[in-house]
Ligand SMILES: [Mg+2]
Ligand SMILES: [Mg+2]
């Protein structure tokens, strides 16, 4: 009886959360959902973006499904003010979420939305595993006397755990991205990834590629990649670049894996205040986040694949919300996906 | 009477250098060329990749045109051995080449070679101005006790000069790329670029964009960009990503601008030992490097544009070397370009 902590959040978050729960319940009959306010919704109720009670419940759960946080109501420039995003930062820190997974799987029905030619996009199905709590974004930094610096730092232990996250997610090949011809952190990265591969994952193929070459190959030959594992900033740049292969960030899910506790699953899109409450939000990103929860949070590959396949088929039959040029409602898209599951 | 230092270098370098000189002489009748061995050619003659005499002559020139350096003959793993690339490193250091310019202008006749859909590529004409001697690639680094670090460092003076290089190359808009929501170097970068803009280039439009968003927009809307100015590593990644929009690195030219001395112009392609001496190398990258020399080295925009337009027209009429699936020789392509100039 896996226990899912559901944090619908703000804006369209609660609307698309309903869709994801319906789809998850249709594909798995043993899930329980426990809902908690987060972000602006929690600020309104409790004056904080995530209460200690909610955090304790999240920590005790098997996986966390998050909608979206924030909105104009809580926008403020006041330093020290309570902000919706603090809920997410608190979750990341408290759950030790060090690996961000961004699957790039252009949906067949939407191939034409890609900036790339169809023959390059067909069959692309890659996963970018980005280190999320180290590297250039977390090292020492400062500015003094007209000179600024930032530090990229990695320890062996940090690289070992993200390497394992990458190999564990791969069926046949991992591409490790670094800049080992220049950077010391990249040379350590390559050394550790190579050792973890030899010691623990000898049956997976491993290749190393420089970050600038990776940025080229993502466009020139995206089908080449299965799992990419890389440093925080490289992953930030490459995952956004790769996302664009699908044509839009609008329907992409993402997973953040933790240490010992539950992992976090959420759509890449935001709270979309302009369409909130109208029942017309596209629920696909949230439904696909549910699929990631099944795959990476509960280890249920077959159920995850069933959800993804149902989404593909529903779209193949032509249903589209407004962001895709259609007129379907959130509920209609959800129904269409549910129909493909039964 | 501008004096051009010509360093044909190795492999196909001398073959394509002949083409570029012919085209430059056809479009400008007042250039003098002084040739010097560099790279492997200089090692064979003098035991060093760039002699002091050649360096002195280069420093006294108005602009430097380089073919390609290196080849299997001089490949070695011996530490301390003389290597062809040392010629280039010496040139960069001695000339203080702190700005690398990579124009991205897909050639109309080759639009179909792009991974992107034609309607996105049509009319793309951008210039990436990359800081080349600072940032993450040149800061302090080290590895100790299972922990490695690299440092990204910038000073106000370094940012000021690269910002000026960017604004000077722009007709109407500069896009400055940073990660100012996270990095101290980026916040200093944004501050200095904003000040140089306000004080010295108020008639050019300036926009700031984060590096991950830039990686997306380069694919989704490449026509948006005119001049991009950015940090060394960001520029390394983004310029290679953007190059791929043209379908191949094979015909791209690049310029490296110096402080007070001459600037350096060269094709992005290498010395291509497999086809050396056969007279079938594609000379377009080198000819377009000559166009950059006219534009950025001598300030002759009209002559530069004439060369680029002649290349477009020659390709439009169908002439292709083997790398593009054709059978034309280096000399035939050169003739075809020359014909469009007269
Ligand atoms: Mg990003
Ligand atoms: Mg590069």
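What average number of partner chain Cβ atoms lie no more than 10 Å from the Cβ of the residues making up A:219-225?
Shielding by partners across A:219-225 averages 3.
Measuring label to label, 7 Å along Cα→Cβ, what does residue B:157 give against each other copy in nm, shortest first?
Those label-point separations list as 4.2 nm.
Please give the average number of partner chain Cβ atoms lying within 10 Å of the Cβ of each residue in B:232-238, rounded to a whole number.
Taking all residues of B:232-238 together, the mean is 5.
Work out the FRET efficiency for residue B:29 and residue B:164 from their Cβ-Cβ distance, taking R0 = 22 Å, and round it to the nearest 0.05.
Rounded to the nearest 0.05, the efficiency is 0.10.
In whole angstrom, how long is each semi-axis of the equivalent ellipsoid of the range B:106-257, when you take the square root of 5 times every eigenvalue of its Cα gyration tensor and sort them from largest down?
The equivalent ellipsoid of the range B:106-257 has semi-axes of 27, 21, 13 Å.
By its C-alpha gyration tensor, with a ≥ b ≥ c as the square roots of the eigenvalues, how is the range A:167-250 shaped: rounded for a/c under 1.5, else prolate for a/b larger than b/c, else oblate?
oblate
Can you list, shortest first in nanometers, how far residue B:325 lies from the same residue in the other copies, with each label 7 Å from Cα toward Cβ?
The projected label point of residue B:325 is separated from its counterparts by 2.8 nm.
Working out 0.36 nm times the residue gap between residue B:144 and residue B:301, then minus their Cα-Cα distance, what length gain in nm do you get to one decimal?
Gain on extension, residue B:144 to residue B:301, equals 51.4 nm.
By how many nm would the segment from residue A:207 to residue A:249 lengthen if fully extended, with 0.36 nm per residue of separation less the alpha-carbon distance?
Net length gain for the segment: 12.4 nm.
Taking R0 as 35 Å, what's the FRET efficiency between residue B:224 and residue A:1 from their Cβ-Cβ distance, rounded to 0.05?
Approximately 0.10, to the nearest 0.05.
Work out the mean other chain Cβ neighbour count within 10 Å for the residues of A:242-249 and drop it here as an integer.
Across A:242-249, the average partner-chain Cβ count within 10 Å equals 3.
What are the radius of gyration and Dmax of the range B:177-309, computed over its Cα atoms and given in Å?
Values for the range B:177-309 (Cα only, Rg and Dmax): 17.4, 53 Å.
Restricting to DSSP H runs of at least four residues, report the calculated mean residue ellipticity at 222 nm for chain A, -39500 (n - 2.57) per run over all residues, nearest 500 deg cm²/dmol.
That calculation yields -12000 deg cm²/dmol at 222 nm.
To make sure I understand, if each residue's beta carbon is the centre and we count other beta carbons within 10 Å, what order do A:154, B:138 fall in, fewest to most?
B:138, A:154
If you scale each eigenvalue of the Cα gyration tensor by 5 and take the root, what three semi-axes come out for the range A:120-206, rounded to whole angstrom and sorted largest first?
Largest first, the range A:120-206 gives 29, 16, 11 Å.
Using the Cα atoms of chain A, I'd like the radius of gyration and the largest Cα-Cα distance, Dmax, both in angstrom.
Rg, Dmax (Cα atoms, Å): 20.1, 66.
Using only the C-alpha atoms of the range A:1-105, find the volume of their convex hull and express it per residue in Å³.
Dividing the Cα hull volume of the range A:1-105 by its residue count gives 128 Å³.
For residue B:342 and residue B:56, what does the FRET efficiency come to when R0 = 25 Å and r is the distance between their Cβ atoms, rounded to the nearest 0.05?
Once the sixth-power term is evaluated, E becomes 0.10.
If you take every DSSP beta bridge fully contained in the range B:106-257, what fraction is antiparallel? Give it as a percent rounded to 5.
Of those bridges, close to 20 percent are antiparallel.
Evaluate the relative contact order of chain B (contact order divided by residue number), counting alpha-carbon pairs under 8 angstrom at least 6 apart; express in whole percent.
23
Would you please state the base-10 log of I(q)/I(0) at q = 0.11 1/Å for the protein assembly as shown, with intensities from the Debye formula using one equal scatterer on every alpha carbon?
-1.17
Can you give the % of DSSP beta bridges in chain B that are antiparallel, to the nearest 5?
Of those bridges, close to 40 percent are antiparallel.
Quick one: work out the % antiparallel among DSSP beta bridges in the protein assembly as shown, nearest 5.
So the antiparallel bridges amount to about 45 percent of the total.
In vacuum, with every alpha carbon of the range A:53-190 counted as one equal point scatterer, what does the Debye formula give for log10 I(q)/I(0) at q = 0.17 Å⁻¹? Two decimals, please.
Cα-only, vacuum Debye calculation for the range A:53-190: -1.21.
Using only the Cα atoms of the range B:85-152, build the gyration tensor, take square roots of its eigenvalues as a ≥ b ≥ c, and label the shape rounded, prolate or oblate: rounded if a/c is under 1.5, else prolate if a/b is larger than b/c, else oblate.
prolate
What does the copy distance list look like for residue A:60, label position 7 Å along Cα→Cβ, in nm and ordered from shortest?
Going from nearest to farthest copy, the values are 8.5 nm.
To the nearest Å, what is the center-to-center distance of the range A:78-113 and the range A:258-298, using C-alpha atoms only?
Each part reduced to its Cα centre gives a spacing of 9 Å.
Read-outs: derived from the displayed coordinates by stated rules, not from any lab. Owing to the predicted nature of the structure, the values given are computational and were not obtained by experimental measurement. So basically every Cβ, Gly included, is an ideal-geometry build from the backbone, and we count neighbours across all protein chains shown.
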